[in-house]
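Engineer: Encoded as structure tokens, here's the structure I'll be asking about.
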Amino acid sequence: MNDSEPRDFIRKIIADDLESGKHTEIVTRFPPEPNGYLHIGHVMAICLDFGVAAENGGRTFLRLDDTNPGKESPEYVAAIKDDVHWLGFDWEDRLTHASDYFDRLYASAVQLIEQGVAYVDSLSAEEIRQYRGTLTEPGRNSPYRDRSIEENLDLFRRMYAGEFADGEHVLRAKIDMTSPNMNMRDPAIYRIRHVPHQNAGDKWCIYPMYDYAHGMSDAYEGITHSLCTLEFEDHRPLYDWFLDQLQPEHRPRQIEFSRLNLAYTITSKRKLKMLVDESIVSGWDDPRMPTISGMRRRGYPPQALREFVRRAGVTKKDKLIEMGALETCVRDVLGDAAPRRMAVLRPLKVVLTNYPEDRVELMEAMNHPANPDFGTRELPFSRELWIEQDDFMEDAPRKFFRLKPGGEVRLRSGYIIRCDEVVKNDRGDVIELRCSYDPDTRSGTGTSDRKVKGTIHWVSREHAVDASVRLYDRLFNDANPNAAEDVHSVLNENSLEVVAAKLEPSLADADEAVQFERLGYFCQDAQDSRPDALVFNRIVTLRDSWARLEKQALESQVS
């Protein structure tokens with residue numbers, strides 16, 4: 001963090017704790033549950049957890065919160081580790097699991113029973129909900145709340161031994177069934193689940209609840225600042241209650257910050273999994289998904305995501321950020337880093353009638369117009385070319401400065417050409433332009449001072465490389481799809497268009513993000529592209545075509 005930048009409220013708390021001597025080292029943790037892939041909302045947490053520790057010479061744990069074995073898998077664990085590394089962060093030797101502490105958590109639960117502040121409840125799940133009350137009505141004590149310590153210890157040990165079926169008993173904290181905070185109404189600590197665990201195997205059939213395992217795991221690891229999103233603010237009294245009862249050697253402090261909510265995006269893992277399961281997308285790493293793996297496959301640079309988080313800032317106020325803000329960060333990074341190439345997405349054939357049929361010239365083209373250090377490359381130029389269909393208009397308005405009948409245009413790094421004849425098929429579609437070139441106007445030769453207003457890109461038809469290009473757009477039409485009763489109703493049916501494109505030869509082995517001149521930023525698809533069947537993904541357009549619509553949508557959300 002730049003010392004000249006103002007500190008957010010979390011960094012100020014940490015600075016004050018160090019200055020006062022409360023802590024001499026900052027220790028944080030990033031604790032994702034391995035029940036799905038990480039998404040854009042997690043990027044804020046990752047950057048914050050790892051960032052504040054690194055800025056102060058501290059340490060960060062990557063802890064897998066694997067307390068719900070029925071929904072977790074090694075696939076998700078591997079994806080989480082890959083995503084955190086790709087973002088640029090390293091936990092070194094501090095990879096842990098909540099399941100690493102199952103023995104200690106069980107012993108601490110026994111201690112709570114022995115202290116008379118935990119009991120085994122035999123109500124059904126439905127009965128527990130009924131007894132819990134509502135936001136306006138207090139709860140009622142369970143008829144099993146006053147079991148003796150000996151009976152509770154016996155039942156809990158038998159739960160551990162696997163004597164009972166799922167849901168037959170649950171271990172609960174004995175706090176206050178009349179508390180206005182629903183989380184304090186005798187919350188569950190352990191439940192029975194006869195399910196194999198992705199890390200612990202078949203050893204356990206009882207599993208701790210998140211609110212219990214989270215705080216105690218923080219304590220076991222010596223976490224100083226446990227940073228959570230705002231939905232955990234009402235859980236903080238319970239977090240502190242467990243620490244008060246068990247008095248661990250280290251006492252962490254929970255601090256909440258607002259989630260990073262991105263317009264036209266959902267971040268519910270349940271809903272994202274539904275999109276995958278229903279084949280609405282091709283997988284968790286579909287480039288339209290807001291998952292880190294999806295954004296990586298699409299071609300977003302990790303530094304763009306880190307910069308997006310920095311610009312978004314850390315606050316206590318919930319906010320819905322425009323998708324354009326993220327895409328601007330991507331453009332800012334790629335604008336400097338991506339070499340330029342020529343590609344035609346919707347090809348229209350051009351024949352230069354006065355150009356020799358067997359002639360091929362090599363045109364010198366800059367790899368980056370703003371940075372000579374990128375050097376140049378050679379482009380083959382021949383009698384027959386491909387240009388974009390949109391770069392020709394038969395009945396063009398006065399200020400259309402691309403190709404039109406009788407009009408002239410410059411081919412980038414090539415010649416000035418004039419459209420002499422338009423060829424159409426039986427349906428009246430334009431299928432070919434017959435043009436003539438001016439041999440004295442080759443770019444870079446200085447043999448002619450003749451100028452035209454329009455410049456377009458092109459690809460030699462003989463030397464073009466075929467590719468399938470995927471044009472991605474927002475997955476949803478609604479700025480806040482999370483508010484929709486059914487996300488299917490706000491899906492964007494045009495979120496993916498696939499075109500058969502013609503590329504300049506150098507793109508056959510492109511191994512980095514490039515700018516297709518005048519079209520946007522693209523990269524080869526990491527999974528589907530092969531030497532004999534190239535596939536490119538559009539990372540982002542050159543300009544934000546959604547800006548006006550998105551601003552209006554977000555303003556309507558506020559009003």
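Engineer: Taking the stretch 111-138, which residues are touching a helix residue (DSSP H, G or I) at 6+ places or on another chain (Cβ under 8 Å), assigned to a helix (DSSP H, G or I) and closer than 16 Å to residue 188 by Cβ?
Structural biologist: 112, 113, 132
Engineer: I've got another one for you. Wholly within the stretch 404-513, which strands (runs of 3 or more DSSP E) include no fewer than the required count, namely at least 3 residues that are touching a helix residue (DSSP H, G or I) at 6+ places or on another chain (Cβ under 9 Å), under 30 Å from residue 259 (Cβ atoms) and touching a residue at least 40 places away in the same chain (Cβ under 8 Å)?
Structural biologist: none
Engineer: Another question, if that's okay. Would you be able to say whether some residue in the stretch 358-380 is at pLDDT 95 or above, in contact with a Gly (Cβ under 9 Å, 6 or more places away or on another chain), farther than 23 Å from residue 452 by Cβ and surrounded by 12 or more Cβ atoms within 10 Å (Cβ to Cβ)?
Structural biologist: Yes, the conditions are met somewhere in the stretch 358-380.
Engineer: Please go through (1) outside any loop (DSSP other than H, G, I, E, B); (2) buried (at least 20 other Cβ atoms within 10 Å of the Cβ) for residue 186 and return the number of the only condition it doesn't satisfy.
Structural biologist: Unmet for residue 186, out of (1) outside any loop (DSSP other than H, G, I, E, B); (2) buried (at least 20 other Cβ atoms within 10 Å of the Cβ): (1).
Engineer: Testing residue 73 on (1) polar (S, T, N, Q); (2) touching a residue at least 60 places away in the same chain (Cβ under 8 Å); (3) in contact with a strand residue (DSSP E or B) (Cβ under 7 Å, 6 or more places away or on another chain), one condition comes back false. Which one is that?
Structural biologist: Failing condition for residue 73: (3).
Engineer: Do we have residue 308 as crowded, with 22+ Cβ neighbours inside 10 Å, among the hydrophobic types (A, V, I, L, M, F, W, C), over 26 Å from residue 469 (Cα atoms) and not assigned by TED's automatic domain parsing to the domain that holds residue 521 here?
Structural biologist: When the stated conditions are applied, residue 308 does not pass them.
Engineer: Only residues that are over 21 Å from residue 444 (Cβ atoms), among the basic types (Lys, Arg) and in contact with an Asp or Glu (Cβ under 7 Å, 6 or more places away or on another chain): list them for the stretch 314-369, please.
Structural biologist: Scanning the stretch 314-369 gives 346, 349.
Yes/no matrix, rows are residues, columns are (1) under 25 Å from residue 33 (Cα atoms); (2) of a type in the set (Lys, Arg); (3) not in a loop (DSSP other than H, G, I, E, B):
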| residue | (1), (2), (3) |
| --- | --- |
| 156 | no, no, yes |
| 179 | no, no, no |
| 194 | yes, no, no |
| 203 | yes, yes, no |
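Engineer: Sticking with this one: Could you list all residues from the stretch 230-285 that are over 23 Å from residue 208 (Cβ atoms), assigned to a loop (DSSP other than H, G, I, E, B), of a type outside the set (Ser, Thr, Tyr) and over 15 Å from the mean Cα position of the chain (by Cα)?
Structural biologist: Those that are over 23 Å from residue 208 (Cβ atoms), assigned to a loop (DSSP other than H, G, I, E, B), of a type outside the set (Ser, Thr, Tyr) and over 15 Å from the mean Cα position of the chain (by Cα): 278, 280.
Engineer: Of the residues 506, 489, which single one is surrounded by fewer than 18 Cβ atoms within 10 Å (Cβ to Cβ), among the hydroxyl-bearing types (Ser, Thr, Tyr), closer than 24 Å to residue 386 by Cβ and at pLDDT 95 or above?
Structural biologist: Going through 506, 489 in turn, the sole match is 506.
Engineer: For residue 172, only one of the following conditions fails: (1) outside any loop (DSSP other than H, G, I, E, B); (2) closer than 30 Å to residue 78 by Cβ. What is its number?
Structural biologist: Answer for residue 172: the failing condition is (2).
Engineer: Against the definition (among the basic types (Lys, Arg) and surrounded by fewer than 22 Cβ atoms within 10 Å (Cβ to Cβ)), how does residue 298 come out, yes or no?
Structural biologist: no
Engineer: Listed residues 422, 459, 409; which is at pLDDT 95 or above and in contact with a Gly (Cβ under 8 Å, 6 or more places away or on another chain)?
Structural biologist: Answer to the selection: 409.
Engineer: Applying the selection to the stretch 205-217, what residues are surrounded by 22 or more Cβ atoms within 10 Å (Cβ to Cβ) and more than 31 Å from the chain's Cα centre (by Cα)?
Structural biologist: 206
Engineer: From the residues in the stretch 431-470 that are over 18 Å from residue 362 (Cα atoms) and acidic (Asp, Glu), which one is nearest to the chain's Cα centre (by Cα)?
Structural biologist: 466
Engineer: If you don't mind, there's one more thing I want to ask. Residue 383 - would you say it is closer than 16 Å to residue 442 by Cα, surrounded by 15 or more Cβ atoms within 10 Å (Cβ to Cβ) and either at pLDDT 95 or above or more than 35 Å from the chain's Cα centre (by Cα) (or both)?
Structural biologist: yes
Engineer: If I filter the stretch 436-467 down to residues being over 30 Å from residue 530 (Cα atoms) and charged (D, E, K, R), which single residue comes out as surrounded by the fewest Cβ atoms within 10 Å (Cβ to Cβ)?
Structural biologist: 449
Engineer: OK, next. Somewhere in the stretch 139-157, is a residue over 17 Å from residue 187 (Cβ atoms) and under 41 Å from the mean Cα position of the chain (by Cα)?
Structural biologist: no
Engineer: Of the residues that make up the stretch 339-347, is at least one surrounded by 14 or more Cβ atoms within 10 Å (Cβ to Cβ), closer than 15 Å to residue 516 by Cα and of a type in the set (Val, Ile, Thr)?
Structural biologist: yes
Engineer: Could I ask something else about it? Applying the selection to the stretch 292-343, what residues are touching a strand residue (DSSP E or B) at 6+ places or on another chain (Cβ under 6 Å) and either among the acidic types (Asp, Glu) or free of Cβ contacts under 8 Å to residues at least 60 places away in the same chain (or both)?
Structural biologist: Selection gives 327 alone.
Engineer: Which of the residues that make up the stretch 8-32 are of a type outside the set (Val, Ile, Thr) and not in a helix (DSSP H, G or I)?
Structural biologist: 8, 21, 22, 23, 25, 29, 30, 31, 32, listed by residue number.
Engineer: Only one of (1) assigned by TED's automatic domain parsing to the domain that holds residue 383; (2) among the aliphatic types (A, V, I, L, M); (3) crowded, with 20+ Cβ neighbours inside 10 Å; (4) more than 18 Å from residue 355 (Cα to Cα) fails for residue 433. Which number is that?
Structural biologist: Of (1) assigned by TED's automatic domain parsing to the domain that holds residue 383; (2) among the aliphatic types (A, V, I, L, M); (3) crowded, with 20+ Cβ neighbours inside 10 Å; (4) more than 18 Å from residue 355 (Cα to Cα), only one is false for residue 433: (4).
Engineer: From the list 431, 417, which one is within 20 Å of residue 451 (Cα to Cα) and not basic (Lys, Arg)?
Structural biologist: Of 431, 417, the one residue that is within 20 Å of residue 451 (Cα to Cα) and not basic (Lys, Arg) is 417.
The values are calculated or read from the model by the stated rules, or taken from the named source; none is laboratory data. From a predicted model like this one, the values you see are computed outputs, not experimental measurements. Heads up, the Cβs are rebuilt from the backbone with ideal geometry, glycines too, and the neighbour counts pull from every protein chain shown.
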